[in-house]
Each structure stands twice: as C-alpha cells, then as structure tokens.
Amino acid sequence: QVQLVESGGGLVQPGGSLRLSCAASGIMFSNYAMAWYRQAPEKQRWLVAFISSGGSTNYADSVKGRFTISRDNAKNTVYLQMNNLKTEDTAVYYCAARFRSLEYWGQGTQVTVSS
C-alpha cells in the first residue's frame, strides 16, 4: 500500500519560515520524481517545486529564491523549505510521487500565512 504523508504545515506570520515533509512508504522512493503542489481556496492546484530521482530541481517563478525542495532517499522523505513566506503562499500543500505511468498523492497539509 502506497502512502505519502505530509507534515509541517501550520500558521506563520509573513516573512516567517516553515519546512514541510512528505514521508513515502510502499514505493521504491529513489526511483520516483517528487513534487510539491499547492491549491488555494477556489483555485486550481499548481506545481510549486519538483525534484527528479537524480536530484535536479525546478521551481515556479513565484517561489524561486524563497523555497527549496530536497530529498533524503535514506529516509524516503522529500522536504520543502519555505522562507520569507507571503500571504499569497497560503494554500493546502500536496506531495506527489511519479515514476513512468505511476502517480501518487498525499492528503495535503495546510499552510496559512497571516499576521
């Protein structure tokens, strides 16, 4: 059974930081590309950051320089370090795993940026 479990969300003030984690089980984690998406209320889900199985990364323009995606294959975990958070970063953040035609999603974790 495949599981992706996100954690680390919460309430933070503008300018603050959070680190999201996504722990995977039931997959050969090192083979999978991993990604973080987010979805704000009444908006579409979109890609925030991506890391390939080899460690190459890509980011949405709006988070470049503020967010960092990383992975620890020994722990089957992908992280999203979020710095200098803005109110517009408020959303539910989802972890996704992809390998060829296989795709799995976590349940999401809420991030709220507010003073």
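Every number in this text was worked out from the coordinates using simple rules, so none of it is lab data. Remember, it's a predicted structure, so these values are computed and weren't measured experimentally. Here the Cβ positions follow ideal geometry from the backbone for every residue, glycine too, while neighbour counts run over all protein chains shown.
Restricting attention to region 85-99 and to residues that are outside any strand (DSSP E or B) and not charged (D, E, K, R), the residue that is surrounded by the fewest Cβ atoms within 10 Å (Cβ to Cβ) turns out to be Thr87.
Look at (1) exposed (fewer than 12 other Cβ atoms within 10 Å of the Cβ); (2) polar (S, T, N, Q); (3) touching a helix residue (DSSP H, G or I) at 6+ places or on another chain (Cβ under 7 Å); (4) over 21 Å from Ser17 (Cβ atoms) and you find that Ser114 fails only one, number (4). Cβ-Cβ distances below 7 Å connect the following pairs, each with a first residue in region 19-30 that is more than 11 Å from Gly8 (Cβ to Cβ), a second residue that is among the small types (Gly, Ala, Ser), and a separation of six or more residues or different chains: Ala24/Ala97; Ile27/Ala97; Ser30/Ser53.
The single residue among Ile27, Ile69 that is assigned to a loop (DSSP other than H, G, I, E, B) and surrounded by 12 or more Cβ atoms within 10 Å (Cβ to Cβ) turns out to be Ile27.
For region 1-24: of the residues being under 19 Å from Thr112 (Cβ atoms) and among the aliphatic types (A, V, I, L, M), which is surrounded by the fewest Cβ atoms within 10 Å (Cβ to Cβ)?
The initial filter retains those residues of region 1-24 that are under 19 Å from Thr112 (Cβ atoms), namely 6-22.
Now restrict to residues that are among the aliphatic types (A, V, I, L, M): 11-12, 18, 20.
Details: Leu11: 12, Val12: 18, Leu18: 20, Leu20: 23.
My answer is Leu11.
Among the numbered conditions (1) buried (at least 21 other Cβ atoms within 10 Å of the Cβ); (2) under 14 Å from the mean Cα position of the chain (by Cα), the only one that Phe50 does not meet is (1).
Here Arg71, Arg45 are screened, and the one residue that is within 14 Å of the chain's Cα centre (by Cα) and over 15 Å from Tyr94 (Cβ atoms) is Arg71. Summed over region 72-84, residues that are of a type outside the set (Asp, Glu) and either in a strand (DSSP E or B) or free of Cβ contacts under 8 Å to residues at least 24 places away in the same chain (or both) total 7.
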